[in-house]
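Here, each number is a calculation from the coordinates, and none is a lab measurement. Everything quoted here is computed from the prediction, not taken from an experiment. Here Cβ is always computed from backbone atoms with ideal geometry, including for glycine, and neighbour counts include all displayed protein chains.
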């Protein structure tokens with residue numbers, strides 16, 4: 001059985017793959033440098049764990065899991081990229097996730113757990129630091145419950 005965390009990441013990948021402009025969506029093989037992306041992977045989206053806060057609530061745990069989503073685009077002679085396009089694509093990701101804030105994982109099966117809500121925390125764009133790349137970082141918090149102890 002896959003962990004709820006793995007199911008959350010897989011659900012996010014599925015949602016983000018529905019966007020029409022991306023060429024890659026990745027959460028398992030994260031690239032640390034923008035130059036690690038190959039031309040055929042751009043524009044690309046990758047996302048990763050940014051830490052969890054955990055509270056114990058009557059035999060289960062409530063988790064607020066921060067996940068960072070990166071959009072990476074590269075200006076080339078055949079692909080015009082500018083701040084407006086980056087902001088538009090950032091908003092598309094916001095709206096895509098906002099349209100399904102439980103990621104389809106709002107099950108009532110107490111043996112698995114359930115997603116309560118994906119909250120959008122903040123975003124920042126990096127337009128000129130790593131020419132010719134344009135990067136948007138978006139931070140979300142996934143609030144969910146999952147079992148921890150036996151019946152109390």
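Here are a few things to note about the model shown:
- Computed across segment 1-75, the Kirkwood hydrodynamic radius from all distinct Cα-Cα pairs reaches 13.9 Å.
- Residue 6/residue 149 FRET efficiency (R0 25 Å; Cβ-Cβ; nearest 0.05): 0.70
- Extended-chain gain in nm, criterion 0.36 nm per residue less alpha-carbon gap, residue 92 and residue 21: 24.5 nm
- Angle between the chain longest axis and helix 4-16 axis [Cα atoms, degrees, rounded to 10]: 30 degrees
- Within a Gaussian network of the chain (alpha carbon springs, distance under 10 Å), most fluctuating of 141, 111, 53: 111
- 0 to 90° range, to nearest 10: angle between helix 83-98 axis and the chain longest Cα axis: 20 degrees
- When all alpha carbon pairs of segment 64-118 are counted in 10 Å bins from zero, the resulting P(r) reads 19, 37, 23, 15, 6, 0 %.
- Here the chain carries DSSP beta bridges of which approximately 95% are antiparallel, counting only pairs with both residues inside.
- Cα centroid separation - segment 93-110 against segment 1-33, whole Å: 14 Å
- P(r) of the chain over all Cα-Cα pairs, binned every 5 Å from zero, in whole percent: 2, 9, 19, 21, 17, 12, 9, 6, 4, 2, 1, 0, 0
- With contributions of -39500 (n - 2.57) from each DSSP H run of at least four residues, the per-residue ellipticity at 222 nm computed over the chain stands at -6000 deg cm²/dmol.
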